[in-house]
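Working notes, structure below.
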Amino acid sequence: MFKKLAQATVIGALLAVTAGCNNDGAKSGASAGSGADRPDEAILASARLARQGDIAGLVEHLLPPAEFARIKSEWNDRSSQPEISDEDRTRFAEAMAKLTAPDAVDAIYAEIEPDLKQFDAQYKAQLPGMVAMGQGYLQGLVQQSNELSPAEKEQALAAVKSLGEWAQKTPFTDPTLVRKSLETLATTARALDIKTLDEARALDFEHAAPKLGIAFNGLKQLLDGYGLSIDQALDSVTTEVVSNDGTHAKVRVSYSFLGAPLSTHTDMVKIDGRWYGKDTIDKIAERKAGGDVTAPKAGNG
């Protein structure tokens with residue numbers, strides 16, 4: 001259980017960074033049009049959707065309509081999905097039954113309490129050094145990257161530094177915080193209302209989308225309990241258009257992550273009257289390069 005909490009913490013941290021640095025979408029449906037003709041508003045709308053936990057809406061506006069339709073079609077296609085093993089079925093059902101039981105928090109805490117105490121006895125004193133090693137490793141990856149500009153490296157290093165400082169001062173095994181996290185996990189599991197892996201697999205995109213939002217909001221609440229607020233990072237996002245020729249734009253995105261002020265630049269392209277992240281469009285074009293379908297081109301509409 002502690003391992004799962006730690007993994008969730010890392011994932012949430014990455015989401016917070018990504019939300020600030022790489023938001024290239026906007027609102028979905030009728031409400032999306034308010035920012036469709038402004039690259040800066042598209043980024044702000046993306047942050048608002050993440051703030052609301054509207055993952056499906058965010059994905060919809062990250063992608064051109066045809067690409068979003070393809071994603072939904074692939075989600076709903078069961079033919080390419082691997083078979084579910086009986087072991088996976090049993091493991092999933094047991095986990096959900098445990099998390100949704102009336103005494104879930106007390107029962108799970110009693111089960112993991114010895115592990116928490118053992119962790120404190122063996123590793124708590126070493127944790128600052130372990131975090132420092134991990135921080136150094138991540139800093140090395142950033143510095144050696146050939147894909148990041150000097151400015152992007154500076155921002156990434158600042159984010160890694162903030163994460164390291166947060167990890168060193170956060171008492172992950174504190175009983176009160178662990179129980180609060182278990183309450184969040186249990187509440188989220190009950191809200192998902194999924195008992196079996198087959199039931200989860202059978203969800204089409206339209207029915208899965210709200211549950212993705214429930215899971216994401218649960219993750220945000222769990223991380224917030226440990227002092228890492230994704231919502232604060234999303235609320236702090238501001239934008240400034242650096243250049244815009246009507247088809248291509250560059251937007252400066254500023255935000256605060258764990259108290260550290262950060263900023264980056266996002267390239268945007270306009271297709272059929274709507275703005276998308278250039279990196280997203282480039283990746284779609286790469287995927288389609290070997291196919292018969294023509295990739296979306298900037299400047300249409």
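The values are calculated or read from the model by the stated rules, or taken from the named source; none is laboratory data. Everything numeric in this text was worked out from a predicted model, so none of it was measured. Heads up, the Cβs are rebuilt from the backbone with ideal geometry, glycines too, and the neighbour counts pull from every protein chain shown.
Counting only residues that are of a type outside the set (A, V, I, L, M) and closer than 13 Å to ALA42 by Cα, how many does segment 54-74 have? Residues in segment 54-74 being of a type outside the set (A, V, I, L, M) and closer than 13 Å to ALA42 by Cα: 3 in total. Scanning segment 187-197 turns up no residue that is buried (at least 16 other Cβ atoms within 10 Å of the Cβ), of a type in the set (D, E, K, R) and without any contact (Cβ under 8 Å) to a residue 40 or more places away in the chain.
Among the numbered criteria (1) within 30 Å of ASP272 (Cα to Cα); (2) part of a helix (DSSP H, G or I); (3) touching an Asp or Glu at 6+ places or on another chain (Cβ under 8 Å), which one does VAL251 miss? Among (1) within 30 Å of ASP272 (Cα to Cα); (2) part of a helix (DSSP H, G or I); (3) touching an Asp or Glu at 6+ places or on another chain (Cβ under 8 Å), VAL251 violates only (2).
Taking the options PRO102, PRO114, PRO171, PRO175, name whichever one is closer than 18 Å to LEU223 by Cα, modelled with pLDDT of 95 or more and surrounded by fewer than 16 Cβ atoms within 10 Å (Cβ to Cβ). Lay out the reasoning, then the answer.
On the way: PRO102 fails: closer than 18 Å to LEU223 by Cα; PRO114 fails: closer than 18 Å to LEU223 by Cα; PRO171 fails: modelled with pLDDT of 95 or more.
Among PRO102, PRO114, PRO171, PRO175, only PRO175 is closer than 18 Å to LEU223 by Cα, modelled with pLDDT of 95 or more and surrounded by fewer than 16 Cβ atoms within 10 Å (Cβ to Cβ).
Test ALA233 against the stated conditions and say whether it is in contact with a strand residue (DSSP E or B) (Cβ under 6 Å, 6 or more places away or on another chain), surrounded by 16 or more Cβ atoms within 10 Å (Cβ to Cβ) and at pLDDT 95 or above. Before the answer, list the steps.
Values: in contact with a strand residue (DSSP E or B) (Cβ under 6 Å, 6 or more places away or on another chain): yes; surrounded by 16 or more Cβ atoms within 10 Å (Cβ to Cβ): yes; at pLDDT 95 or above: no.
No: the conditions fail for ALA233.
For segment 131-170, filtering for residues that are polar (S, T, N, Q) and assigned to a helix (DSSP H, G or I) leaves 7. Can GLU83 be described as loosely packed, with under 13 Cβ neighbours inside 10 Å, in contact with a Ser or Thr (Cβ under 9 Å, 6 or more places away or on another chain) and either at pLDDT below 95 or not in a helix (DSSP H, G or I) (or both)? No; evaluated as a whole, the condition is false for this residue.
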